[in-house]
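The structure under discussion appears below in the form of structure tokens.
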Amino acid sequence: MSRLSLFAGFALAAFTALPSPAEEPTVLVEIADGSILAGTLPAGFELTLVMADGEKKIAVGDVRRLAVSNFREEETAALEAEVRKLREGLAAEDFKEREAASKALQALPGTSAPFVSRMLGDPDPEVVSRARAVLRSLEGRGQLRDSRDFVVVEQKVLRGWLRLEKVELRTALGSVEIGRAEIRTMRRPGVPEAALPPGVEEWLPPMAQVPAPRPPVLLAARLQDGSQLVGESPAEALALVDDVGKNVTSERLQSLVRDPGAPGYFQVRRKGIPAVRAALVAKELPVVSGARRWSIPVGMIESIEVGPLRPFMGGGNAMAVLVQNHLAALAQGAEAPTQRFWVYIDGQPANPWNSVGKTGMTWVLHRVHEKVCLVGADKGTNAYKGDTSIDEELPILAVRKRNLPAPEGVDPKDFYAGWIGGDVRLTKPVCGRDMTSLEAVNTIIREEFGDEWEVGEHHSPSGGWHWWAYWEPPPDEEK
């Protein structure tokens with residue numbers, strides 16, 4: 001079955017008359033009171049399945065089984081509209097608005113999943129990424145639901161909406177009319193009972209089968225009037241073709257410099273690949289720079305530099321180096337590096353000095369938004385027993401809490417991803433065996449950074465598990 005039909009929205013189905021076939025199909029129909037009636041359907045019927053991508057007519061004799069959901073089209077129309085509205089929020093210019101839309105999607109019932117899944121084909125990479133995160137969250141919490149009916153034809157599952165007023169079934173006890181509201185399932189003899197599945201395997205493909213969107217490219221575009229715009233562009237916006245129309249890969253792209261001898265073309269340099277002459281396919285280059293979005297006519301561009309574009313301040317802050325490597329990897333379309341670091345948890349035996357298994361708990365860097373970063377637990381974190389051997393040498397997450405106001409785009413009231421009110425650093429690598437107590441850990445940190453610093457705690461500032469902090473000097477310390 002095509003992915004398009006799996007991801008399709010609502011569908012309608014109806015039984016309509018056809019010329020009589022050679023025989024009447026025999027079926028078992030389960031009705032609402034638990035009864036199962038055996039009989040035959042009138043000859044000449046077929047099932048019509050109308051989906052967003054068109055109608056599909058199926059002979060009733062080809063249907064192995066079907067099940068009817070207790071949800072109806074009219075009940076889910078408002079939910080579909082709400083998901084459509086929140087999609088606009090996921091693509092908003094404002095980071096805070098995008099975060100709010102993600103949270104609103106998370107709060108919707110699991111029956112919203114078929115509509116959220118449509119976003120996996122959205123042209124906006126951030127919409128795709130956030131929609132995938134919502135679906136995975138619903139799946140992880142066991143809340144994925146598909147409110148549509150389903151029909152199985154030759155082991156293929158088709159999702160849609162069955163619409164019929166009644167079915168006339170000829171049984172050994174006589175003919176009986178079964179209203180649509182009474183029908184729960186229908187199957188051919190010998191076919192297992194047609195329980196309505198949640199739909200996870202039908203329309204949510206494994207992660208490996210969903211092409212991951214390429215992360216945005218960090219770049220500086222210098223214009224012919226002397227302006228320079230620093231920001232992010234979608235990787236797809238840097239599609240290139242050579243002078244005979246052949247596609248030129250933009251992987252490992254380093255720079256584009258306008259070729260003075262070939263109007264409309266650039267000298268394209270890529271890491272480890274000989275330079276070529278190529279043109280940008282797009283007529284305009286979209287660049288998100290801070291809170292502004294620009295659409296730059298390609299004819300105005302003199303050059304484009306790709307990759308880390310400015311020095312990262314930090315004064316020996318290894319967190320700043322980690323952030324730089326994180327952004328550089330995303331700019332090159334590569335997977336961001338995973339650097340684990342020690343953190344402290346209060347009230348659990350998951351620290352190097354009190355865990356039973358001689359392990360300590362670790363966190364990772366998750367996201368970077370301008371001058372702040374989100375650090376926290378990931379799938380490798382064990383907040384109850386520890387996850388990393390104390391024989392390992394890792395940096396310690398240090399935090400300086402100063403009650404600073406949360407910057408734009410960070411919700412300080414977020415229970416699981418709040419605002420720490422200060423900045424973070426990473427110490428030099430420390431062996432877990434040297435972390436003999438909370439006091440010993442804070443001594444290590446303060447000897448390196450000063451008395452204002454302490455180890456980052458798992459449950460801060462409220463629910464914990466993740467929190468935001470400045471990764472470079474806060475605004476009041478900028479020079």
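Please treat every number below as a calculation from the coordinates, not as lab data. Quick caveat: nothing in here was measured; it's all calculated off a predicted structure. Reconstructed Cβ throughout: ideal geometry from the backbone, glycine too, with neighbour counts over all protein chains shown.
Side notes on the structure shown:
- Remark: the E302-V241 segment gains 20.2 nm on full extension, using 0.36 nm per residue and subtracting the alpha carbon distance.
- Per-residue extension of 0.36 nm, minus the Cα-Cα distance of E182 and D434, leaves a gain of 83.8 nm for this segment.
- For D387, the residues whose modelled amide H falls within less than 5 Å of its own, excluding neighbours fewer than 5 places apart on the same chain, are G360, M361, T362, N382.
- Amide hydrogen neighbours beyond the local backbone of L365, cut-off 5 Å, H modeled: Q339
- Protection proxy ranking for 128-138, 296-306, using the average of other Cβ atoms within 10 Å per residue and placing the highest first: 128-138, 296-306.
- Pair-distance profile P(r), taking every C-alpha pair of segment 340-479, with 5 angstrom steps and integer %: 2, 11, 21, 24, 20, 13, 6, 2, 0, 0
- Local net charge near R222, Cβ-Cβ under 12 Å (Lys/Arg +1, Asp/Glu -1): -2
- Peptides 339-348, 110-119, 226-235 ranked from most to least packed by the mean count of surrounding Cβ atoms within 10 Å: 110-119, 339-348, 226-235.
- Nearest-20 debye value, segment 81-123 charge dipole, Cβ charges on Lys, Arg, Asp, Glu: 160
- Proximal lysines relative to K57, as straight alpha-carbon distance under 25 Å, when same-chain residues fewer than 8 apart are discounted: K156, K166
- Anchor K96: lysines whose Cα lies under 23 Å away (excluding residues fewer than 8 positions away in-chain): K85, K371, K401, K413
- The ellipsoid equivalent to the alpha-carbon distribution of segment 83-137 has semi-axes of 16, 12, 9 angstrom, derived from the gyration tensor eigenvalues as √(5λ) and listed largest first.
- Over segment 217-306: Rg over Rh, Cα atoms, Kirkwood Rh: 0.93
- Residues of segment 450-479 falling in the label zone of H369, defined by backbone nitrogen less than 13 Å from a point 7 Å along Cα to beta-carbon, are 467-470.
- Between S389 and N403, the modelled labels are 4.5 nm apart [label points 7 Å from Cα along Cα→Cβ].
- Spacing of the two label points (7 Å from each Cα toward its C-beta) at V230 and A92, in nm: 2.7
- Cα-projected label distance for T443 with V321, points at 7 Å along beta-carbon direction, nm: 2.6
- Charging the Cβ of each Asp and Glu at -1 and of each Lys and Arg at +1, and nothing else, the dipole of segment 217-306 about its Cα centre rounds to 140 debye.
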